[in-house]
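This report concerns only the one structure given below.
Since every read-out is calculated from the coordinates, none of them should be taken as a lab result. In this text the structure is predicted, and so the values were computed from the model without any measurement. Counting neighbours? That spans all protein chains shown, and the Cβs are built from the backbone with ideal geometry, glycine included.
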Amino acid sequence: MEHTSLLERILRGIALALVVIFFMFPIVWILMMSFQTNETILRIPPQLVFEPTLANYTALITGKLMTAAGTLDIAFMRNLWNSVFLSVTSVAVALLLGVPAAYAFARHKFRGSEDIAFTLLSFRFAPALLVLLPLTLYFQKLGLANTYIGLIWVYQLICLPLILWIVRGYFEDIPADIEYAYRIAGHSWFATFRKIALPLAGPGIAAAGLLAFIFAWNNFVFALVLASADKQPVTVGALAFITSSGIQYGQISAAIVLSITPTLALALYAQRYLVEGLSLGAVKG
Amino acid sequence: MASLELRNIVKRYKSQTVLDNLSLTVADGETLVLFGPSGAGKTVLLRLVAGVIDPDEGKILIGGEDMTDLDAEFRGVGMAFQNFALFPHMTAFDNIATPLQAKHSSQGTIKTGVESVAKLLKIGHVLSHKPRALSNGQKQRTALARALVGSPPLLLLDDPLRNVDAKLRFEMRLELPRLLADRGATVIYVTQDYKEAMALGDRIAVMSQGVVKQLGTPEQIYREPANVEIARLFGDPTINLLDVKPARDAKGIYVGLSNVQVHLAGAHEAAVGRDCVIGLRPEALAFVDERTPGAIPVTVEAETPLNEKIVTLVRTVRGREILVSRPSGTPGQSEGKVYIAVDSKSALLFDRTSGERIGSKNVVNLRSGEAA
Amino acid sequence: MTAATIQRNRPSGFRISKRVLPYLLSLPALLVCIGILIPFLTSVVYSFQRYRLSQPWARQFNWGDNYISFFTDPKFWNTLQVSLLYAGITVVLELLLGLGIAMLLQKRSTLNNFISIMLLMPLMTAPALAALMWKLMTNPGFGVLSYLASLIGLQDFRWASSPSTALLTVVLVDIWVYTPFIMILLLAGLRSLPTQPFEAAALDGVPRSFVFFRITLPMLTPYILTATLFRLLDSIQQFDIIYAMTQGGPGDTLTVFQVEAYLNFFQSTNVGRSAALMIILWAITYFLSNIFIKNWLRLRERARGQA
Amino acid sequence: MHEKEKDLIDAFLRGQVDRRGLIKGLGAMGLAASTAGTLLNFGQTRALAADFDWQAHKGKTIKLLLNKHPYADAMIANLDNFKKLTGMEVVYDVFPEDVYFDKVTAALSASSPEYDAFMTGAYMTWTYGPAGWITDLNEWIKDPAKTNPKYAWDDFLPGVKNSCAWNGQPGGALGSADAKQWCIPWGFEQNNITYNKGMFDKVGVSVPGNMDEMVATAAKLTKDVGGGVYGIGVRGSRSWATIHPGFLSAYANFDQKDLNVSADGKLSAAMNTAESKAFHKQWVQMIQESGPKDWSTYTWYQVGTDLGAGASAMIYDADILGYFMNGGDNKMAGKLAFSAFKANPAAKAPTPNIWIWSLSMSNFSKDKDATWYFMQWASGPEHALFGATKMDFVNPVRQSVWNDEMFREKLNKSYPGYVEMFDVSAPGASIKFTPQPLFFDLTTEWAATLQKMVAKEVPVDEGLDKLAESINSQLKEAGLG
């Protein structure tokens, strides 16, 4: 790998630059719009030069939105908090349930294991719309409507299969002998799971957890239908900037920036695990 | 104490039977080598004993106690894996310490225990490294140390020298017997290398396709292999195998080799008139004078030194190739026509169809001490 | 060594049988999900009913009528075709692109790690909001992308508003949002491949293309399948991006399953028809993922054999 | 509150002081106009209390489901007065418009008792009513024991009020004698022209007086204004919302209908007549020549944004959209003008189709009487006046508000021509659709067909024939045709 030719390195550099431009340009543009008002955003042709303003962020954080129609109260920070709370707890629950199950599917080829695993996956492809109406009805009867617990439960549909199937792959990549060695050394299956399987599959769990977090974060149809306004996530909250006096692009951009921030921070924090693959190449070969 | 007894073990994977009604006893303090080609079921057998997989039928007794249904952590065995199976996220020290930790030993005990076994295995200087920073030899020693550290009464060593280089293997082959003897543990040692098997085993169990084909001391296995296959597996260079049909005359049983009648001293009566394969160890052949009785004329094709020996490839007048070996430094001939003679006592006769050695006891009941 | 056997741990107290353990581990996950099965079955019942919320008096079982009507309905076949086309295009393109990017970033370095996290940002943007932003950026007047397109001579490029480019535009947004998903999974996969085969191949001077097709790809296959499976499941059910960009238009260009079902449910309040559409979508995904899983298991075995 | 101020307000309420005098007087006492408005309302609240037992439901709590909208904002701003008046508690959930109706449908289809009353459009009640989710409000409106005598039901603009009443029969006339009052109008929108006066002057065109002129004017504007500005903004997304504003208003002006209702109540498609085809051709041509380039993605906010940012020269859409674009931080704020529009040269007056934000009572409400207290207050004359004068509650649905001088003055000052436009078009304003439960199916398909025509995927004649055929089969399938 060290002996790549200069030409190849240049080509790789160019390719990478193109990739970064394609994926980052809209993000940068959104970031720029978040410091503008509609007045400068909506120019023909669009222009790079503008006088930055923090008005959008101030509005979001203080909860007061100034529009043509006067001052509006917005609950953006509340939405943001809901998103954080719902995503974190849902992913935590999904990890708690999904990782042991993934371990069982990876390590123990028990009777019906593939069927159970597939069934769990198939929940993922029941379109939300399909279950929405009956779910609302049943939730009402069970008293789960408009509760965080109900939402976290439904969010398992998004998180659990993802975690289960990704983590399972990582567990399967750990050679069984390593676990056997620990058992033979005199440790229980649980100690083995905790001290060997979990740390070794750690990166996979982190990656699956983050992806599940993102998908939970981006979802809004469940909260919209099943909960009242005070439990809505940021994805619903950001739509409030489509007002009768026009789309407040600046505020939506600022909302996007604010809503990306926690996830991005999490990703940067867990960076080492996310892109490491199965930890420690030594595990394989 | 820590004897091991396997009774009628059967293990199947799907429709394939990996171990077929296998019974085996290992005495306390004995080193038993499980020898055989890959796929023979050696590793499976080891794992059954360790308790990480379960037999479909049969019983496993360790120290006279039925452990068939007991999980691995309760069996008190030590095991070293062929691929080392070190815990990649722990230092060598922590790797080795795991069996002691499982016993909830004190920090001090653990430290002493690990350090003494590390010293024994000469890896004291790398204890703080993680496995990825260790050389193959160090990994192997770490794995071994981990198996030894808890002084388990039963040690399972799954071809621990397989993945190390030749030099190290040679060293370890010398070191291991002493190490194992010092421990006084019962050992089951799996290998595909006959020299290892010969060097380490009090007894060797030769396995093939899920059954033990022969069980005996290294000497027995070498001298009296139960069949052609085993004869071929033991010995380097490989045993010469030639098709013959023994007959009898006044002087006894003989076979025809390149138009020469060679009389066999130890041959079994049952061989007469049967289609046989004769097995001649290269070291049981010697270059002789033309006039020696039973001297076979051959042409020298090539000559190679091998370890302490010189191996000569010769060709009979019928065109059959034979390997002859002699200790280095002894006179020989490197080209042209020569004569060789057979040490008639060590010649082995096998039935050509079944491959069984003619005259061997049928090795089925392999309880300790009853081997052929 | 007389004390050897005494040192052995003894099983104590409550023990979980080896046979029961895996069930115990997977049961909670299953139980949590099983609750969803009841609404699912209820919806199956709906799909066999004539059930419009606006005509409650006419609600009754019509058995297969909802389904049968699809066969003669050209709109349904259009929906099926568009959904499969959309899923096919996005998954293939995202897979190729994601694999390419992952390979560009394969080498471990601080910069590469940083870039890979940055590239996740589109995925972190809620698709509905992302679509809104793309809509602005492709606006013929204020849109920066339209402006850039005009600079390279595409004066009249109509993005999502023209039937000939709507699919392309929506696919572009989908690629922007979801390629990072595939990229991150494949990057993790690439980086956990054993190094030995590659070193050996490099030493032997094996051509790069051979290494890629004969070593990298087969060993990466399980990761590719996982990523593709999840992407396929989401893609065939795409709603947010398409609805926010075009609401299924122009004309019937992008009336994929979820858009049709959404309109049937929330606007026409035709629950029976909406449920039937969703059940068909479910069946298609079930079928597709079944194929995937079968191959996944098989290829995992094979990949493990090589590794 | 100080006694003096109270006295002044009471004097106003007794009719001794006119409104301007009141504001002046209060201003002299050091109160800002807006505070004065709230105080005034408080005074009115006290006046209301005189003739009616507003406290009958004291201590009860009701919950509202609201759309994020200036109407809701105005109500919330004035809500404390209701609470004081009745001693009731009001809580509310506000959802963004993009997802608002999904939330309503989800809540109601699940028979959720959570919300007592909610905002809705009249079209939606054609689903909600037959579905049994909402209550016929006649029961309360017509019961003097439950409705405050000053409520003045007759004060509502008749076209608007009737558009919210339907007998539930597919094709049944709106506002018929047997109609049920599914909702109470709150604020409404007529579809008229809002235009950029500067651009019109620059190019030298005047406001179009009929469809031909509109096509020509829009084309000229597109050609001559420059800077990428296009002539006319109309909606084009694949949605019912594309049909109901300018498009249907002009369509109705040619005496065209969406559906025919036969004597026995059967419905059939009516959009494949020769006149309809001619109109469609004009409309399609206008969009192709002078509409926004990405017309097929246009919803009301793109139409509005373009006008406000100076990307379009005029819109034929909701008048209040123009109203909002004429204010705030929009580039064109203060530069817009308004005009009613009569598409058919032969027609006597404009016939704008209308959108009505209204209030409905959930059938699952646990206390309908208490809910009605809120509804009659929120749609009552006092709150209407407060919203219209102090907040952006346009267009009000009560004649008394339109007669209010302060309101007219406020509009005339900042929105020249708006009142005039309203006065011209209001008499013909009503819902021009035929009420029936397949409203959304049919209009969505209609919009999709329009998109195909504009994209030249199908000729207008053929497209309309196909549309009619498809609609007829859907009506039959639903048992309506």
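Calculated FRET efficiency, residue D:367 and residue C:108, Cβ-Cβ r, R0 56 Å, to nearest 0.05?
Values: r = 66 Å, r/R0 = 1.17.
Computed FRET efficiency for residue D:367 and residue C:108 comes out at 0.30.
Note down the Stokes-Einstein diffusion coefficient of region C:198-283 in µm²/s, whole number, using a Kirkwood radius over alpha carbon pairs, 25 °C, and 0.890 mPa s. Kindly include the intermediate steps, with their values, before the conclusion.
On the way: Rh = 16.1 Å.
The diffusion coefficient I find is 153 µm²/s.
Mind listing P(r) for chain B? All alpha-carbon pairs, 10 Å bins, whole percents.
With a bin width of 10 Å, the distribution comes to 5, 21, 26, 21, 15, 9, 3, 0.
For region B:111-193, what is the largest minus smallest coordinate of the Cα atoms on each principal axis, given in angstrom and ordered from greatest to least?
30, 29, 17
For region D:96-159, run through the trypsin sites (Lys or Arg not before Pro) and keep only the ones in DSSP coil with at most 13 other Cβ atoms within 10 Å of their Cβ. Walk me through the numbers on the way to the answer.
Details: sites: D:103, D:142, D:146, D:150; in loops: D:142, D:146.
Here the trypsin sites (Lys or Arg not before Pro) that fit, given the DSSP loop and packing criteria, are D:142.
Amide H neighbours of residue D:190 under 5 Å, at least 5 residues apart or on other chains, H built in the peptide plane: list them.
Amide H to amide H, under 5 Å and 5 or more residues apart or across chains, residue D:190 pairs with D:319, D:320.
Can you tell me which lysines have their Cα less than 26 Å from the Cα of residue D:413? Leave out same-chain residues fewer than eight positions away.
Hits, sequence-local ones excluded: D:24, D:197, D:202, D:331, D:335, D:342, D:390.
For region D:88-176, what does the alpha-carbon gyration tensor say about shape, rounded, prolate or oblate, given a ≥ b ≥ c as the root eigenvalues, a/c under 1.5 as rounded, and a/b over b/c as prolate? All intermediate terms of the calculation are to be shown ahead of the outcome.
Working: a/c = 1.79, a/b = 1.22, b/c = 1.47.
Since a/c reaches 1.5 but b/c is at least a/b, the shape of region D:88-176 is classed as oblate.
With every atom except the alpha carbons ignored, what do you get for Rg and Dmax of chain C, in angstroms?
25.3, 92
So what is log10(I(q)/I(0)) for region A:110-187 at q = 0.13, 0.23 1/Å, when the Debye sum runs over its Cα atoms only?
Cα-only, vacuum Debye calculation for region A:110-187: -0.60, -1.09.
Can you pull the one-decimal nm distance between simple spin-label points at residue B:21 and residue D:202, each 7 Å off the Cα toward Cβ?
Going from the residue B:21 label point to the residue D:202 one covers 10.1 nm.
Any of D:68/D:293; D:142/D:368; A:141/D:83; A:195/B:14 with alpha carbons more than 20 Å apart? Name them for me.
Too far apart for the 20 Å limit: D:68/D:293; A:141/D:83; A:195/B:14.
Given the Cα atoms of region B:232-351, and with Rh set as the inverse mean 1/r over their pairs in the Kirkwood sense, what is Rg to Rh to two decimals? Walk me through the numbers on the way to the answer.
Values: Rg = 13.9 Å, Rh = 14.5 Å.
Across region B:232-351, the Cα-based Rg/Rh ratio is 0.96.
Quick one: Cα centre-to-centre distance for region D:94-117 and region D:128-197, in angstrom?
20 Å
With each label point set 7 Å from Cα along the Cα-Cβ vector, what nm distance links residue D:224 and residue C:45?
In this crude spin-label approximation the distance works out to 6.8 nm.
For peptide D:296-304, what's the mean number of Cβ atoms from other chains within 10 Å of each residue's Cβ?
Rounded to a whole number, the mean comes out at 6.
Working only with C-alpha atoms, what are the Rg and Dmax values of chain D, expressed in angstrom?
23.1, 73
Given a Förster radius of 56 Å and the C-beta distance between residue C:283 and residue B:320 as r, what FRET efficiency does 1/(1 + (r/R0)^6) yield to the nearest 0.05? Before the final figure, lay out the partial values.
Numbers: r = 69 Å, r/R0 = 1.23.
E(calc), rounded to 0.05, equals 0.20.
From largest to smallest, what semi-axes in whole angstrom does region C:140-214 give when each is the square root of 5 times an eigenvalue of its alpha carbon gyration tensor?
On the way: eigenvalues 359, 47, 24 Å².
Output for region C:140-214: semi-axes of 42, 15, 11 Å.
Considering only the other residues whose Cβ falls under 11 Å of the Cβ of residue D:180, what net charge follows from Lys and Arg at +1 and Asp and Glu at -1? Could you put the intermediate results ahead of the total?
On the way: positive: none; negative: D:136, D:139, D:178.
Taking every other residue near residue D:180 into account, the sum is -3.
Would you kindly derive the ³J(HN,Hα) couplings of region B:28-35 from the backbone phi angles with the Karplus curve 6.51 cos²θ - 1.76 cosθ + 1.60 (θ = phi - 60°), listing them in order in whole Hz, with x for Gly and Pro?
Once rounded to whole Hz, the list reads 4, x, 7, 10, 10, 9, 9, 10.
Please compute the Cα-Cα pair-distance distribution of chain A with 10 Å bins starting at 0, giving whole percents from short to long.
The percentages, shortest bin first, are 6, 21, 25, 23, 16, 7, 2, 0.
Mind giving me the FRET efficiency for residue A:18 and residue C:204? R0 is 30 Å, r the Cβ-Cβ distance, nearest 0.05 is fine. Please report the intermediate quantities before stating the final value.
Numbers: r = 33 Å, r/R0 = 1.09.
It comes out at approximately 0.35.
Taking each residue of A:146-153 in turn, how many C-beta atoms of other protein chains fall within 10 Å of its C-beta, and what is the average?
On the way: counts 3, 0, 0, 0, 0, 0, 0, 4.
Counting other chains' Cβ atoms within 10 Å and averaging over A:146-153 gives 1.
If you count, for each residue, the other Cβ atoms within 10 Å and average over each peptide, how do C:79-92, D:311-324 line up from highest to lowest? Intermediate values should be presented prior to the final figure.
Values: C:79-92: 18.7, D:311-324: 27.4.
The most tightly packed comes first, giving D:311-324, C:79-92.
For region D:157-200, just the Cα atoms, rotate onto the principal axes and tell me the three extents in Å, largest first.
The Cα atoms of region D:157-200 stretch 49, 21, 13 Å along the principal axes, largest first.
Taking only DSSP H segments of four or more residues, each worth -39500 (n - 2.57), what value at 222 nm results for chain B once the sum is divided by all its residues, to the nearest 500 deg cm²/dmol? All intermediate terms of the calculation are to be shown ahead of the outcome.
Values: 8 runs with 84 residues, N = 372.
Value at 222 nm, helices only: -6500 deg cm²/dmol.
Hull surface divided by four, with the convex hull built on the Cα atoms of region D:221-315: how many nm²?
Values: hull surface 26.9 nm².
The Cα convex hull of region D:221-315, projected and averaged over all directions, gives 6.7 nm².
Once you list every other residue whose beta carbon is under 15 Å from the beta carbon of residue C:65, what net charge do they have if Lys and Arg are +1 and Asp and Glu are -1?
Numbers: positive: C:50, C:52, C:59, C:273, D:476; negative: C:73, D:477.
Net charge in that neighbourhood comes out at +3.
Against the globular-protein guess of 2.2 N^0.38 Å, express the Cα radius of gyration of region B:4-226 as a ratio, rounded to two decimals. Show your work: numbers first, answer last.
Working: Rg = 17.1 Å, N = 223, 2.2 N^0.38 = 17.2 Å.
Against the compact-globule rule of thumb, the ratio is 1.00.
Dipole size in debye (nearest 20) for chain B around its Cα centre, Lys and Arg Cβ +1, Asp and Glu Cβ -1? Don't skip to the answer; put the middle values down first.
Values: 45 positive and 43 negative charges, 105 e Å.
Taking the Cα centre of chain B as origin, the dipole is about 500 debye.
If you average the C-alpha positions of region C:233-277 and of region D:199-250 separately, how far apart do those two centres end up, in angstrom?
Taking the Cα centre of each part, region C:233-277 and region D:199-250 sit 31 Å apart.
Can you give me the distance in nm between label points at residue A:54 and residue A:10, each placed 7 Å from the Cα along the Cα-to-Cβ direction?
The answer from the label model is 4.6 nm.
For residue C:49, what charge total do you get from the other residues with a beta carbon under 15 Å from its beta carbon, if Lys and Arg give +1 and Asp and Glu give -1? Present the calculation step by step, with values, prior to reporting the outcome.
Numbers: positive: C:50, C:52, C:59, C:273; negative: C:65, D:477.
Computed value for this residue: +2.
Taking Cα centroids, how far is region D:313-383 from region C:97-126 in Å?
49 Å
Provide, as a two-decimal number, the C-alpha radius of gyration of region D:415-481 over 2.2 N^0.38 Å, N being how many residues it has. If you can, show how the numbers build up before the last one.
Numbers: Rg = 16.9 Å, N = 67, 2.2 N^0.38 = 10.9 Å.
Dividing the Cα Rg of region D:415-481 by 2.2 N^0.38 Å gives 1.55.
Working from the pairwise distances between different alpha carbons, so that the mean of 1/r is found and then inverted, what is region D:365-481's Kirkwood radius in Å?
Values: mean 1/r = 0.0542 Å⁻¹.
Taking the inverse mean of 1/r over all distinct Cα pairs, region D:365-481 comes out at 18.5 Å.
If you build the convex hull over the alpha carbons only and average its shadow over all orientations, what do you get for the protein assembly as shown? Give it in nm² to one decimal.
Mean orientational projected area (the protein assembly as shown, Cα hull): 68.4 nm².
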